[in-house]
Structure formats: structure tokens, C-alpha cells
Amino acid sequence: MTEEQYFEDYVLGARRQTTGRTITEADIVLHAGQTGDFFPHHMDAAWCATQDFGQRIAHGTLVFSVGIGLTASTINPRAMSYGYDRLRFVKPVFIGDTIYSQLEITDRRPHPKRQGHGIVVETVTVTNQRQETVLVCDHLHLVERREPL
């Protein structure tokens, strides 16, 4: 779906919620293969049974990737991802957990060098099925202005 929004169209405090996605063992194995991260926290069920969490945990980067992927529901030809700030892995995600992403526009500011663009910050909060926060970050968008400064 395409939704054209200029910098001026973003409203502070606007929120949206995604559908859920259940993290599977296959997700963890595939992510380990893609990244080379085969640490026992993710791959060794027997070792994990002796640790505080008692089971394998999903890679933080996997949770980040899926959580952000859930938010990609519209294409805005006036905007593009400009990066992420303040990324935190708050709680572990386990095989069988379902994650959801909530987004809120928390900042709009001029771009320091591009007068035809601004930066829109969308705070992303990823929660599990128990509504516990598992990840938070700020997604920065570079957004075209209707009228340059």
C-alpha cells in the first residue's frame, strides 16, 4: 500500500500497532546461519536449561529485524529510513513468543543540512504476548518537505 506523506503531515503523538508474529526455532536457526552468531544462548538447549532463563533465547538482532519488519506496511515515496537510535534489548524473547510492534511519532525536526527534508522520529516498542516490552528503539525517517526551509 502506498501512502504519500510529507514532513508537515506527520503528527506528534500519532500511534499505530502491528499484527503479531510468533518466533520459531526455525527463525533462530536461520538467523544464526545468516549472521554467524551460534552462541549457546541461542543454539544449545541443554546448556540453556542450566542458565537463568532455562531455555534458548532469540537473538536480539532477530527480534529487531522481525519487529521492524512488522512495521513495513506502507510505502511512502516521500520518505526513507535514515537509521535507528537508542536501541535496547529489554527482555529476552523465547521460541513460541509472539511479538508485536507499537509505534509513536515522538519528534519532528529540520534536517541540519538538507533544507528540503526533515527528520521524523518514530519510537518503536516491541512487546510479547504478555504485553511485556522486549525491545525499544527510535526509527529515524528522512522525509521530504512540501516547502523547503
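A72 passes every criterion in (1) under 30 Å from E147 (Cα atoms); (2) in contact (Cβ under 8 Å) with a residue 60 or more places away in the chain; (3) not basic (K, R) apart from (2).
On the basis of being modelled with pLDDT of 95 or more, farther than 12 Å from H141 by Cβ, over 16 Å from the mean Cα position of the chain (by Cα) and of a type outside the set (D, E), does Q55 make the cut? Taking the combined requirement at face value, the residue satisfies it.
In segment 133-148, the residue that is nearest to the chain's Cα centre (by Cα) out of those that are buried (at least 20 other Cβ atoms within 10 Å of the Cβ) and among the aliphatic types (A, V, I, L, M) is L135.
Only one of T106, T50, T22, T71 is more than 20 Å from V134 (Cα to Cα) and of a type in the set (S, T, N, Q); which? Show your work before the answer.
Details: T106 fails: more than 20 Å from V134 (Cα to Cα); T22 fails: more than 20 Å from V134 (Cα to Cα); T71 fails: more than 20 Å from V134 (Cα to Cα).
Criteria check complete, one pass: T50.
Counting only residues that are more than 19 Å from Q5 (Cβ to Cβ) and among the β-branched types (V, I, T), segment 79-128 holds 8 of them.
The values are calculated or read from the model by the stated rules, or taken from the named source; none is laboratory data. Quantities reported herein were computed from a predicted structural model and do not represent experimental measurements. All Cβ positions, even for glycine, are placed from backbone atoms using ideal geometry, and neighbour counts span all protein chains on display.
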